[in-house]
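Each remark here refers to the structure printed beneath this line.
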Amino acid sequence: KYNVRVSVDGLDVVAEVQFLLQSMALFKIKSHKFYNIIRKKEEFESLKQVSSIKNNAGKKLQILCGNNDHKGILDLLIKAKVKTLQDLRNLDGLTGALLRIYESEHIKSLKTIVSLFG
């Protein structure tokens with residue numbers, strides 16, 4: 001591998017030049033298959049992390065409160081069958097959600113939560 005500088009119309013560009021021998025080219029083809037496996041594994045791990053957030057009502061509530069998404073908050077609380085204050089207290093992440101509302105001064109989000117209870 002060589003890095004070379006090429007000048008075109010007064011503009012300098014750095015480029016990489018590779019000289020591949022047949023054995024090197026064959027190695028690259030074979031190793032690319034393993035690289036794809038590693039990328040799939042990384043993608044799978046990322047999806048696992050996202051799905052744990054996606055399936056956790058408390059974490060969703062924190063995100064929605066942080067974004068001041070009062071419609072999303074209402075939808076989530078309805079889907080989670082929150083009907084009483086005790087149901088609301090039982091949600092994991094409620095403290096974090098309320099803290100986000102407080103820190104960002106998202107009064108509309110707080111009013112949305114309170115509206116469910118009268």
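The values are calculated or read from the model by the stated rules, or taken from the named source; none is laboratory data. Just so it is clear, the structure is predicted and the values come from calculations on it, not from any experiment. Quick reminder, even Gly has a Cβ in these numbers, built from the backbone with ideal geometry, and neighbours come from all protein chains shown. Areas reflect the complete protein model, heavy atoms only, side chains present, ligands, DNA and RNA absent. Shrake-Rupley method; radii C 1.70, N 1.55, O 1.52, S 1.80 Å.
Values as computed for the structure displayed
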quantity: Search result, residues across the stretch 103-118 that are under 25 Å from the mean Cα position of the chain (by Cα) and either assigned to a loop (DSSP other than H, G, I, E, B) or among the aromatic types (Phe, Trp, Tyr) (or both); calculated: GLU105, HIS106
quantity: Selection status of GLN62, part of a helix (DSSP H, G or I), open to solvent by 60 Å² or more (accessible area, probe 1.4 Å) and of a type outside the set (Lys, Arg); calculated: no
quantity: Index of the failed condition, ASN90 passing every other in (1) over 30 Å from PHE117 (Cα atoms); (2) open to solvent by 60 Å² or more (accessible area, probe 1.4 Å); (3) among the polar types (S, T, N, Q); calculated: (1)
quantity: Of all residues in the stretch 65-84 being in a helix (DSSP H, G or I) and within 15 Å of TYR102 (Cβ to Cβ), the one that is most open to solvent (accessible area, probe 1.4 Å); calculated: GLY66
quantity: Residue selected from the stretch 15-31 under the condition loosely packed, with under 10 Cβ neighbours inside 10 Å and in a loop (DSSP other than H, G, I, E, B), by the criterion farthest from the chain's Cα centre (by Cα); calculated: LEU21
quantity: Considering residues of the stretch 76-106 that are touching a helix residue (DSSP H, G or I) at 6+ places or on another chain (Cβ under 8 Å) and among the β-branched types (Val, Ile, Thr) only, the residue farthest from CYS65 (Cα to Cα); calculated: VAL82
quantity: Cross-chain or 6+ apart pairs with Cβ under 8 Å, the stretch 77-93 first and at pLDDT below 80, then of a type in the set (Lys, Arg) and not in a loop (DSSP other than H, G, I, E, B); calculated: ASP92/LYS59; GLY93/LYS59
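Yes/no matrix, rows are residues, columns are (1) open to solvent by 60 Å² or more (accessible area, probe 1.4 Å); (2) assigned to a helix (DSSP H, G or I); (3) closer than 30 Å to ASN3 by Cα:
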residue	(1), (2), (3)
VAL13	yes, no, yes
LYS41	yes, yes, no
GLY96	no, yes, no
ILE101	no, yes, no
